[in-house]
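The values are calculated or read from the model by the stated rules, or taken from the named source; none is laboratory data. Since we're looking at a predicted model, the values are computed, not measured. Don't worry about glycine lacking a Cβ; one is built from the backbone with ideal geometry, like all the others, and counts go over all protein chains shown.
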Amino acid sequence: MNPFTYIREQVIAMVGSLADDGVLPAGLDLSNLAVEAPRDSSHGDVATNAALVLTKQAGMKPRDIAAALAERLAGLGEVAAAEIAGPGFINLRLSAEFWRARLGDVLRSGIAYGDSQMAAGEKINIEYVSANPTGPLHIGHVRGAVYGDALANLLAKVGYTVCKEYYINDAGAQVDVLARSLHLRYREALGEAIGDIPEGLYPGDYLVPAGQAMADRDGDKWLGLAEADWLAEFRRFAVSAMMDLVRGDLASLGIEQQVFFSEDSLHSDGGIDSALAALQKKDLIYTGILEPPKGKTPDDWEPRPQTLFKASQFGDDVDRPLQKSDGSWTYFAADIAYHHNKVERGYRQMVDVWGADHGGYIKRMKAAVRALSDDQANLDVRLCQMVRLLRGGQVVRMSKRAGNFVTLRELVDEVGRDVVRFMMLTRKNDAPLDFDFDVAMEQSKDNPVFYVQYAHARIRSVLRRVAEELPELPREPENLAGADLNRLTDSAEMELIKQLASWPRAVEIAALAREPHRIAFYLNELASAFHALWNKGNAEPQLRFIIVEDRDLTQARLALIQGVAFVLASGLAIMGVEPVEAM
């Protein structure tokens, strides 16, 4: 149960009862009625704005509405007190029995606690990473990869049917450069001394194995031929080899995407023609001349007729060109075709995760999706800021293997997958993030992933101790759900239960905002509350989790910490981090 959703339902029911009794008019719009946690917990457990929302509709003073509504709410068994605050807010204190029952919900649900059908199975496509297939993934890709994957997990938890997708940018000029770079490594594998890598080619040694594989497969078949004779095959082989590398890099982060969509297929299979024909049919493509860009006019700008999409009709600043002067399609035309493909696959909800430097591209892409779907589909673009690596207070710039960037695999190999994933989610996606190697390797409260995992490991150690000291005590979750939870009376225990009960709401809020970093914040706060209770037990022996001479109290406290373990594991699963058993 989500306590906030439940109380909102009770408030609505009480508004209905007041309408039935003629105190309030019937047919009131309750869509903006909210039930939330008060900013100051001393004011109560939940607060509602119901009286303020209804005052204009009812033609009554908000405090008069609040007085009538508070009286009805105070009569509910789960409400211990109802108080009016300020202009008409109603603060409710819920009974200890109500909160203890929520601990039972956690124990019966396990790590599925917090699952929701808020999205009712709606399909959503989340495209993330989508790096050019020209080498291994590097630190610039890590944050978007982790954010996109955690967001997919979060949205699945609230009931979306999620597709995790990678768009392979394999149709641009950079793939020709990759093919030429591979051809050089192929010649090297056949014994040619290639010297320094020529300017303009990819210098990384990650192409050495691919060049050797090409030589092993084809021998000297491609030597001495004109570029036109070998370029297409080397493009295909290079992209395949690099995508194998990318999939391996993603796997090291625990990421497995379901769809890998090739940009090149849009060119070869007529996808671009189909998408633009759909826009043409809607009279959204025309030939025109664009105004010069604001500010300094670039040297290559010319007032020539171009094929344009009416992006300005859908919220963009200007209309956008679809063809270059040589007749080839612009990148935007291919992106239109790609999102047209998503619309045709039935996606009305789409999330694209991009780097921060692509912010200027958002309006035109959202305009295209609106046009393609007749305003039935929504594109949500999420930007991820770059990550700065620090070691010893100094910025880390160089890679040991790649020569000019820090690879994703290097980062994972050094600090571990769990650390990388958690640390990448400790800030909002569009805020700058410093990844400090020194903090990442610490075993202290300053290391958030250690702090949260340590809480889970501590709970598992307590449960192992109980198995040794009180082997006959039932400690399975289903047994703990039936424990005498009324024995949990200390204020710290009750606050911990309330924090557990807020998990379903935290999940839904994070999903609505599409901000998985909120999960990291919640877990850190929950771990902090648990560690505080642990330390309180060290100072006050009567509050320890295991009281050998009081089996019922021990079982109740085991129920509490098992509930904490379930919620920690539930949150870590969203983040793609393992809930460790021991540390």
Considering only residues of segment 447-481 that are in a loop (DSSP other than H, G, I, E, B) and touching a residue at least 40 places away in the same chain (Cβ under 8 Å), which is surrounded by the fewest Cβ atoms within 10 Å (Cβ to Cβ)?
-> Pro474
The residue from Leu231, Leu250, Leu279, Leu284 that alone is of a type in the set (A, V, I, L, M), under 30 Å from Gly416 (Cβ atoms) and in contact (Cβ under 8 Å) with a residue 40 or more places away in the chain is Leu250
Taking segment 66-90 and keeping only residues that are farther than 16 Å from Val15 by Cα and either assigned by TED's automatic domain parsing to the domain that holds Glu508 or surrounded by fewer than 16 Cβ atoms within 10 Å (Cβ to Cβ) (or both), one is left with Gly77, Ala81, Glu83, Ala85, Gly86, Pro87
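Tell me which residues, restricted to segment 258-273, are among the charged types (D, E, K, R) and part of a helix (DSSP H, G or I). Full working, then the answer.
Taking segment 258-273 and keeping what is among the charged types (D, E, K, R), we get 263-264, 269, 273.
Across segment 258-273, the qualifying residues are Glu263, Asp264, Asp273.
Could you count how many residues in segment 276-305 are outside any loop (DSSP other than H, G, I, E, B) and at pLDDT below 90?
Kept after step one, since they are outside any loop (DSSP other than H, G, I, E, B), are these residues of segment 276-305: 276-281, 285-288.
Restricting the remaining residues to those that are at pLDDT below 90 gives none.
So the answer is 0.
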Among the numbered conditions (1) over 30 Å from Leu182 (Cβ atoms); (2) surrounded by fewer than 20 Cβ atoms within 10 Å (Cβ to Cβ), tell me where Gly140 comes up short.
-> (1)
Candidates Arg100, Arg143, Arg185, Arg108, filtered to the one that is of a type in the set (Lys, Arg) and within 30 Å of Ala67 (Cα to Cα) | Arg100
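Can you tell me which residue among Ser399, Ser444 is more than 27 Å from Val106 (Cα to Cα), loosely packed, with under 13 Cβ neighbours inside 10 Å and modelled with pLDDT under 95?
Testing whether each residue is more than 27 Å from Val106 (Cα to Cα), loosely packed, with under 13 Cβ neighbours inside 10 Å and modelled with pLDDT under 95 leaves just Ser444.
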Kindly check whether there is at least one residue in segment 316-332 that is touching a residue at least 60 places away in the same chain (Cβ under 8 Å) and either over 22 Å from Leu266 (Cα atoms) or under 29 Å from the mean Cα position of the chain (by Cα) (or both).
-> yes
Which members of segment 176-196 meet the condition of being over 19 Å from Pro133 (Cβ atoms), in contact (Cβ under 8 Å) with a residue 12 or more places away in the chain and among the aliphatic types (A, V, I, L, M)?
-> Ala189, Leu190
Go through (1) modelled with pLDDT of 95 or more; (2) surrounded by fewer than 19 Cβ atoms within 10 Å (Cβ to Cβ); (3) touching a strand residue (DSSP E or B) at 6+ places or on another chain (Cβ under 8 Å); (4) in a helix (DSSP H, G or I) and name the single condition Met423 misses.
-> (2)
Taking Tyr6 and the conditions (1) under 16 Å from Leu73 (Cα atoms); (2) loosely packed, with under 14 Cβ neighbours inside 10 Å; (3) not charged (D, E, K, R), which numbered condition does it fall short on, given that it satisfies the others?
-> (2)
Among all residue pairs at least 6 apart or on different chains, which show Cβ distances below 7 Å where the first residue, located in segment 341-370, is at positive phi and the second is modelled with pLDDT of 95 or more?
-> Gly346/Lys123
Within segment 415-431, residues free of Cβ contacts under 8 Å to residues at least 24 places away in the same chain and closer than 16 Å to Gln385 by Cα come out as none
Out of (1) in contact with a Leu (Cβ under 6 Å, 6 or more places away or on another chain); (2) surrounded by 15 or more Cβ atoms within 10 Å (Cβ to Cβ), the odd one out for Arg235 is which?
-> (1)
